[in-house]
1. Would region B:195-204 turn up any residue that is surrounded by fewer than 19 Cβ atoms within 10 Å (Cβ to Cβ), at pLDDT 95 or above and in a loop (DSSP other than H, G, I, E, B)?
2. Out of all the residues in region B:219-254, which are within 16 Å of the ligand (Cβ to nearest atom), of a type outside the set (A, V, I, L, M) and buried (at least 21 other Cβ atoms within 10 Å of the Cβ)?
3. Restricting to region A:120-144, give me the number of residues that are touching a residue at least 60 places away in the same chain (Cβ under 8 Å) and under 21 Å from B:His373 (Cα atoms).
4. Quick check on my filter: what residues within region A:63-77 are facing chain B (nearest Cβ under 7 Å) and assigned to a helix (DSSP H, G or I)?
5. Can you find, within region B:37-56, the residue that is farthest from the ligand (Cβ to nearest atom) among those that are crowded, with 19+ Cβ neighbours inside 10 Å and closer than 16 Å to B:Ser82 by Cα?
6. Here are some conditions: (1) buried (at least 17 other Cβ atoms within 10 Å of the Cβ); (2) aliphatic (A, V, I, L, M); (3) closer than 25 Å to B:Ser233 by Cβ. B:Met77 meets all but one. Which one does it not meet?
7. When you check B:Pro257 against the structure, is it outside any helix (DSSP H, G or I), touching a Cys at 6+ places or on another chain (Cβ under 9 Å) and either away from the ligand (no atom under 13 Å from the Cβ) or modelled with pLDDT of 95 or more (or both), yes or no?
Amino acid sequence: MTINQRQDELIVRFSKMENWLEKYKCIIQMGKELPAMDAGYRKDANLIWSCQAMVWVHSEEKDGRLFIRADSDAFITKGLIALVLYVLSGQPVTEIAASSLYFIDEINLKEHLTPNKSNGILAMINGIQTLASEGRLVAASCTI
Amino acid sequence: MNPNEIVCNSIYKDLFKIRSEFPVLHQKINGAPLIYLDNAATTQKPLSVINAIAEYYQCYNSNIHRGVHHLSQKATMAYEESRVKIARFINARHAHEIIFNKGSTDGINMMAYCFNKKYLKKGDVVLISAMEHHANIVPWQIFGQENGVELHAVPIDSSGELNMDAFRSMLDEKVKLVSITYVSNTLGTVNPIKEIIKMAHRQQIPVLLDAAQAIAHTAIDVQELDVDFMVFSGHKMYGPTGIGVLYSKETWLEQMPPHQGGGDMIKEVSFERTTYNRLPYKFEAGTPAISSAIGLGAAVDYLGTIGMHEIAAYEHELTGHLMTSLTEIEELRLIGTAKDHAGAASFVISGHHNSDIGELLNQQGIAVRTGHHCTQPLMKIFNIKGTVRASLALYNTHEEIEDFISGLKNAISILKS
Ligand SMILES: Cc1ncc(COP(=O)(O)O)c(C=O)c1O
């Protein structure tokens, strides 16, 4: 599946949910199912977002595709990561760099998220795209 | 909670009216009625405060202390009346012992600059506590460390109470100032301020009190406490942002140099030298936050109509209710269980991130704060990164506490599911 097919799939899936509770439960569930990163990768050099909750990213390129692993110390954030990885991980590097992630708006996620969380997910997407286009990790953080 | 107990409480009779005076409280967040439990960060404002600010801008906006014209005189009078109200509110001996500034942070920074400049030298110590807000740590580092002044922190015990034995032994001849919080914004601990001031004064050491968290919860009489300096913020006592107070005994203010130069604070300026204006103007350079000062006067009036003793009694009951209910949650660890407790309750839920809890509470219309609450050194002592903090105000209700507790249980079960 392409990036956009995956986004569309998520949009359909979330559109069937009635309320915030269902959305959150689904996000938390996805977070729980996302395998934890090896402790060795949870290092400062891999920190892509630091706020109250932190996000670590590690990626490897194989045959022009970027395989991304990421983790967070908070479940909701981890669930959001799972959504992003579902859409982006394993996709061609060039497509990741050029992608536009419209699913976040479409499933009204930003409305539900606190600004820090929503900035976190946007920072993570930017970070992954920078990884894909420039091969370097740019860390972002919030004021707390 | 026994309902009879609630009805007996004097403030409860008026609670409906009181809540009706705070427009912000009456809205839905994510479809649920707002339960505002982030009062330690800032309190909501009653209509009387909002109206006082609006009236100033609509009817007599003008610069103060400068004009002979009607509007300027009116604005000056209102601004100075506010100062008098605040002086009465904390029972200062003189209105000119009230210095208007931006807030507690500004007040401590001013003190760190002025006190340091006048009285401190290499090897001197400023004594703080382990539970201080960054606002009572960093200014001392910025201004003190330039000339080698040391900052020492009195430790606390596991319940979040100040270790008074340690305080006693740390109060040596090198200590030139004790700068300490009255109420901890993170733990809710109420420090034994009377005793602290007495002990310090026995050794001729002045005391600066950070009353940011105390001012809205308890009656403060600066003469009875005999405190030398005190700071607080308007926005944490139902007043506007951008305004706060440094109270200082007159003698100190006369001796200390000003921290800022400019208009209003001078008597006479030439290119060679400047003489300073009388108190309090020596410490109020430039055009102040006039509307906010007037708004703060209205907030003090508002608190006066309810009565600080009534507020303290009601909040004591609310805090008890909150703490007891929290203890009943199994996975919950209270951070800060001091016997004397006010305003805030902090906790962590084992196995769950504070921000997840905060976010799921927000979904239910409940506003709390999560994080380190600008007390990182304190978080290190408890070996945690942060807490979830629920903090109360005079308009909170027992029902809200019940709803908060069930919202919290709900959040935990969602995360566990
Ligand atoms: C104990 C304490 N001191 C100082 C401050 C700083 O107050 P402000 O931000 O209004 O300057 C706060 C604010 O949270 C506080 O809780």
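The values are calculated or read from the model by the stated rules, or taken from the named source; none is laboratory data. Just so it is clear, the structure is predicted and the values come from calculations on it, not from any experiment. Don't worry about glycine lacking a Cβ; one is built from the backbone with ideal geometry, like all the others, and counts go over all protein chains shown.
1. Looking through region B:195-204, at least one residue is surrounded by fewer than 19 Cβ atoms within 10 Å (Cβ to Cβ), at pLDDT 95 or above and in a loop (DSSP other than H, G, I, E, B).
2. Scanning region B:219-254 gives B:Phe229, B:Phe232, B:Ser233, B:Gly234, B:His235, B:Lys236, B:Tyr238, B:Gly239, B:Pro240, B:Gly244, B:Tyr247.
3. Residues in region A:120-144 being touching a residue at least 60 places away in the same chain (Cβ under 8 Å) and under 21 Å from B:His373 (Cα atoms): 5 in total.
4. Matches in region A:63-77: A:Phe75, A:Ile76.
5. Looking at the filtered set, the residue picked out is B:Tyr56.
6. Evaluating B:Met77 over (1) buried (at least 17 other Cβ atoms within 10 Å of the Cβ); (2) aliphatic (A, V, I, L, M); (3) closer than 25 Å to B:Ser233 by Cβ leaves (1) as the failure.
7. yes
This table checks each residue for (1) at pLDDT 95 or above; (2) within 16 Å of the ligand (Cβ to nearest atom); (3) in contact with a Ser or Thr (Cβ under 7 Å, 6 or more places away or on another chain); (4) more than 14 Å from chain A (Cβ to nearest Cβ).
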site	(1), (2), (3), (4)
B:Lys102	yes, yes, no, yes
B:Cys114	yes, no, no, yes
B:Lys117	no, no, no, yes
B:Met131	yes, yes, yes, yes
B:Val178	yes, yes, no, yes
